[in-house]
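**Student:** Shown below is the structure under consideration.
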Amino acid sequence: MSRKHLFANEESALHEGNDASLQAASVQAATLSAQGFELPTVFHRPAVRRFNNRRQTKLICLVSAAILVAIALIGVLLMPVAMESDLSQARQAPSFEHPFGTDNLGHDMLIRTVAGLSTSIGIGLFAALVSSIIALILGTVAALGGKKADACITWLTDLMLGIPHIVFLLLISYALGKGFWGVALGVAFTHWPSLCRVIRAEVLQVKQSSYVAVARSLGRSPLYIALHHVLPAVLPQYLVGLILMFPHAILHEAAITFLGFGLPPEQPAIGIILSESMSYLSVGMWWLAVFPGLALLLVVLLFDRAGQGLRRLLDPARAQE
């Protein structure tokens, strides 16, 4: 290899920031130097560092989580103000003083929307956490508990998936007395089947792995294998499923509240706000539905974005997408 080609390769490696190519060029330079070639000093441009996809994904996840936490905290602080009415400010269109306008009772719709989003995030957090724990326990028991346990849990999962989701959710919420806990428990008890199937499949795959077979041959108990081998393997899928349950839980909470089976009318909630806005759209008060609806869509997209980013970070096959 000539010195001209060697320097071209080394400069290309430095320009691209490729560590493997740079190491190969350095080895070639050392070989030529040992053979008696005089290598002149060459000044190169500094390597151009490209923005890492993994770093970008982490940044997106952190920004999405920070915005959601800020909305939840600000909504809790504004909850008393959101329930105060001022009839002198009723039915005002969006302005600098009231960016989202006011409703028929003079509520500031920006404050009421943020408070309603905070309520939805709280219900979604509780429901997704409870539902994911149910899915984790049932999926693990189905995969490790033998044929009878697997058959029972599979039958229960198919039964839950066979019932129309929104109908079952309404029945549970109505049976539990509506309100916050009725909605939260109704959403929690109806969102676990899909994640349960995913966890069951992952546990079955881990169960057939070689390191689990070695642990079993060494006399390890099923509980030890579940805690030290199975749980770390399915934890990424569990976390991703937990995050992705949030948008479904929030949308279903808004849906049943919109239908009148959820939270009480005096409590700020996106479903209540959208339900009340239907009575005033015909008189031109479009802002009562547009801005709360867009805010709900934004929160759902933030949760979905955070879940997709977490999936990329935890899945090595998709880490550089």
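**Student:** Just to be sure, is residue 195 surrounded by 21 or more Cβ atoms within 10 Å (Cβ to Cβ) and under 27 Å from residue 270 (Cα atoms)? Give the steps one after another, and end with the answer.
**Tutor:** Values: surrounded by 21 or more Cβ atoms within 10 Å (Cβ to Cβ): yes; under 27 Å from residue 270 (Cα atoms): yes.
Yes: the conditions hold for residue 195.
**Student:** Here's something else I'd like to know. Taking the residues in the range 98-125 that are under 13 Å from residue 78 (Cβ atoms) and polar (S, T, N, Q) as candidates, determine which candidate is modelled with the lowest pLDDT.
**Tutor:** Looking at residues that are under 13 Å from residue 78 (Cβ atoms) and polar (S, T, N, Q), I get 119.
**Student:** Confirm whether residue 283 is at pLDDT 85 or above and of a type in the set (Val, Ile, Thr).
**Tutor:** Working: at pLDDT 85 or above: no; of a type in the set (Val, Ile, Thr): yes.
No; evaluated as a whole, the condition is false for this residue.
**Student:** Okay, next question. If you check 259, 204, which single one turns out to be under 24 Å from residue 133 (Cα atoms) and surrounded by fewer than 18 Cβ atoms within 10 Å (Cβ to Cβ)?
**Tutor:** Details: 259 fails: under 24 Å from residue 133 (Cα atoms).
Within the list 259, 204, the selection yields 204.
**Student:** Filter the range 263-291 for residues that are crowded, with 16+ Cβ neighbours inside 10 Å and either among the acidic types (Asp, Glu) or not assigned by TED's automatic domain parsing to the domain that holds residue 81 (or both) and give the result.
**Tutor:** 276
The values are calculated or read from the model by the stated rules, or taken from the named source; none is laboratory data. What you see is a predicted model, and the numbers here were worked out from it, not measured in a lab. Glycine also receives a Cβ, built like all others from the backbone with ideal geometry; neighbour counts cover every protein chain displayed.
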